[in-house]
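Please treat every number below as a calculation from the coordinates, not as lab data. Only a predicted model underlies this, so the values are computations on that prediction, with no experimental measurement involved. Ideal geometry is used to build each Cβ from the backbone, glycine not excepted, and the neighbour counts take in all protein chains shown.
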Amino acid sequence: MTWKGGVTFESVGPSGNPFTMDGTPAVGGQDHGPTPVEALLGSAAACSGIDVVTVLNKKQVPFTSYRLEVTYERATEGDWPRPVTAMTVRHVLGGNIDAAAVDRAVQLSDEKYCTVIATLRIPVAVTSEWKIVE
């Protein structure tokens with residue numbers, strides 16, 4: 001994670017693919033990317049979506065469109081921090097699809113495959129460290 005100025009940061013994961021996150025305009029953000037909370041929620045949805053597509057493809061279940069809608073709740077405005085307290089990932093698929101296959105694919109993602117959602121469901125030990133370099 002590298003600071004790019006203002007409140008913008010670029011992250012490069014083990015895959016080598018970069019993405020940029022930015023704060024909201026209220027804290028000086030310039031709309032260079034999603035906020036960290038948006039990235040968190042998007043990561044959960046993308047993780048589950050990848051699983052569902054993989055399962056449906058493996059079972060040879062065709063679909064013509066797919067989108068994910070994420071709704072969420074946060075702690076009260078003005079209280080800090082403002083953690084996400086609940087989220088819903090809605091899978092919206094198009095085509096003449098077997099509902100049972102979609103239900104099973106979503107269930108497998110929720111209960112077995114999606115690392116991001118599994119991580120959000122458990123208490124995660126978070127440690128912060130710092131150092132100064134010259």
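Observations on the structure shown:
- Largest first and in whole Å, the equivalent-ellipsoid semi-axes of the chain read 32, 17, 16, each the square root of five times a Cα gyration tensor eigenvalue.
- Sequentially through segment 66-82, phi angles give Karplus couplings (6.51, -1.76, 1.60; θ = phi - 60°) of 7, 9, 10, 10, 10, 10, 7, 10, 10, 4, 4, 3, x, 8, 10, x, 10 Hz, Gly and Pro residues having no value and appearing as x.
- The angle between the Cα long axis of helix 36-58 and the longest principal axis of the Cα atoms of the chain comes to about 20 degrees, rounded to the nearest 10.
- Each residue in Ser48, Ser65 was given a count of other beta-carbon atoms within 10 angstrom of its own, and listing them fewest first yields Ser65, Ser48.
- Under 5 Å between amide hydrogens, built in the peptide plane, is the criterion, and for Tyr66 it picks out Gly94 among residues at least 5 positions away or on other chains.
- Placing unit charges on the Cβ atoms of the charged side chains and taking the dipole of the chain about its Cα centre, the candidate lying farthest along the positive direction among Trp80, Leu93, Gln60 is Gln60.
- ³J(HN,Hα) computed for each position of segment 85-92 - Karplus, 6.51 cos²θ - 1.76 cosθ + 1.60, integer Hz, glycine/proline x: 9, 6, 8, 10, 10, 9, 9, 10
- Cross-link reach is defined here as a Cα-Cα straight distance under 20 Å, omitting same-chain residues fewer than 8 places apart; for Lys59 the lysines meeting it are Lys112.
- A cut-off of 5 Å between modelled amide H atoms, ignoring neighbours fewer than 5 places along the same chain, links Lys4 with Phe9, Glu10.
- Using Cβ point charges alone (K and R +1, D and E -1), the dipole size of segment 35-120 about the Cα centre works out to roughly 300 debye.
- Principal-axis analysis of the Cα atoms of the chain puts helix 99-108 at an angle of about 40° to the longest axis.
- In the chain, the calculated helix contribution to ellipticity at 222 nm averages -9000 deg cm²/dmol per residue, counting -39,500 (n - 2.57) for every DSSP H run with n ≥ 4.
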